[in-house]
1. Sort out which residues of region 65-85 are within 20 Å of Thr7 (Cβ to Cβ) and either basic (Lys, Arg) or modelled with pLDDT under 95 (or both), and write them in order of number.
2. Can you pull out every residue in region 117-130 that is surrounded by fewer than 21 Cβ atoms within 10 Å (Cβ to Cβ) and either closer than 25 Å to Ile64 by Cβ or out of contact with any Asp or Glu (no Cβ under 7 Å at 6 or more places or on another chain) (or both)?
3. Tell me the helices (runs of 4 or more DSSP H) entirely within region 143-249 that contain at least 1 residues that are surrounded by fewer than 15 Cβ atoms within 10 Å (Cβ to Cβ) and not aromatic (Phe, Trp, Tyr).
4. Within region 117-141, restricting attention to residues that are assigned to a helix (DSSP H, G or I) and out of contact with any Leu (no Cβ under 7 Å at 6 or more places or on another chain), which residue is nearest to Pro211 (Cα to Cα)?
5. How many residues are free of Cβ contacts under 8 Å to residues at least 60 places away in the same chain, in a loop (DSSP other than H, G, I, E, B) and buried (at least 19 other Cβ atoms within 10 Å of the Cβ) if we restrict to region 92-116?
6. Under the condition of being hydroxyl-bearing (Ser, Thr, Tyr) and more than 14 Å from the chain's Cα centre (by Cα), which residue from region 183-235 is modelled with the lowest pLDDT?
7. Sort out which residues of region 34-52 are assigned to a helix (DSSP H, G or I) and either surrounded by 18 or more Cβ atoms within 10 Å (Cβ to Cβ) or among the aliphatic types (A, V, I, L, M) (or both), and write them in order of number.
8. Quick one: which residue in Ala5, Ala59, Ala71, Ala67 is in a helix (DSSP H, G or I), surrounded by fewer than 24 Cβ atoms within 10 Å (Cβ to Cβ) and in contact (Cβ under 8 Å) with a residue 24 or more places away in the chain?
Amino acid sequence: MSRIASTFRRLQAQGRKALIPYVTAGFPYPDVTPALMHAMVQAGADIIELGVPFSDPMADGPVIQRAGERALAHGIGMSQVLEMVRQFRQQDADTPVVLMGYANPVERYEIKHGAQRFARDAAAAGVDGVLIVDYPPEECEAFAAALKAQGLDLIFLLAPTSTEARMAQVGRIASGYVYYVSLKGVTGAGHLDTAAVEAMLPRIRVHVKVPVGVGFGIRDAASACAVGRSADAVVIGTRLIQIIENQPRDAVAGAAADFLRDIRQALDA
């Protein structure tokens, strides 16, 4: 059983919801990410989504775009991201790590290192799952097979505009969990409609048998708890990026941990 599957099984047995923070690798400082990841786990994170910086992130709002640009300016690419995961794994063998990003960095990595090397190298580094925003299920069969061969989960997005046919298509090949984008727009938008989320999740679960996490627009304990009533996981990215964006280097991990600790306590309550 994968680390992602065992994490969700444990949480379900405890009657708890997964807390999944998103941070951009190499942000706000190029050497802070492994320590930041450890701090988030200590504060109650169950799975970490680690963003791979990319110059044209179509689904991301201005906050995460800025984070990606800053990381790219630090020289952070896929090789550096995998090294960060390797460093994290030296002390944490249990917390799942999901790489979230776009097709271009993956394809550039394979051009440089060889076909299907990404899946092998990601697995060797300790990655558990991959979410590629611009790889729809009908266009990534070979990629999905390469990940599966290395024991990696392939995670897909669903949105308020997703059709029943798309939900069924995702349900056939997704593993780990499915990420439901709670609103029409980019990350960080502020018009979260929890009633609409609650209405959509039963429709998704008709087709999708893995856990469903919800993200986009979750900014605080109240919105996290509202989503957690119906979702299996709560994903928080933009607000976390805002909190650490202007912190001094030695305060980044603590600021993130303080924020996530409050979310964890509220979810568990």
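1. Answer for region 65-85, where residues must be within 20 Å of Thr7 (Cβ to Cβ) and either basic (Lys, Arg) or modelled with pLDDT under 95 (or both): there is none.
2. Arg120, Asp121, Ala123, Ala124, Ala125, Gly126, listed by residue number.
3. 164-173, 194-207, 221-228
4. We begin by selecting, within region 117-141, every residue assigned to a helix (DSSP H, G or I); these are 117-125, 137-139, 141.
If we keep only those that are out of contact with any Leu (no Cβ under 7 Å at 6 or more places or on another chain) too, we end up with 117-118, 120, 124, 137-139, 141.
Values: Arg117: 28, Phe118: 25, Arg120: 25, Ala124: 25, Pro137: 18, Glu138: 21, Glu139: 23, Glu141: 22 Å.
Residue satisfying both the conditions and the ranking: Pro137.
5. We begin by selecting, within region 92-116, every residue free of Cβ contacts under 8 Å to residues at least 60 places away in the same chain; these are 92-93, 99, 101-116.
The next check asks that each one be in a loop (DSSP other than H, G, I, E, B); those that pass are 92-93, 102, 114-116.
Okay, now just the ones that are also buried (at least 19 other Cβ atoms within 10 Å of the Cβ), so 102.
The qualifying residues number 1.
6. Checked region 183-235; the qualifying residue modelled with the lowest pLDDT is Thr194.
7. Taking region 34-52 and keeping what is assigned to a helix (DSSP H, G or I), we get 34-42.
Within region 34-52, Pro34, Ala35, Leu36, Met37, His38, Ala39, Met40, Val41 meet the criteria.
8. Step by step, each of Ala5, Ala59, Ala71, Ala67 is checked, and only Ala5 is in a helix (DSSP H, G or I), surrounded by fewer than 24 Cβ atoms within 10 Å (Cβ to Cβ) and in contact (Cβ under 8 Å) with a residue 24 or more places away in the chain.
The values are calculated or read from the model by the stated rules, or taken from the named source; none is laboratory data. Every value quoted in this text rests on a predicted model; they were computed, and no experiment measured them. Cβ sites come from the backbone with ideal geometry, for glycine too, and all protein chains shown count toward neighbours.
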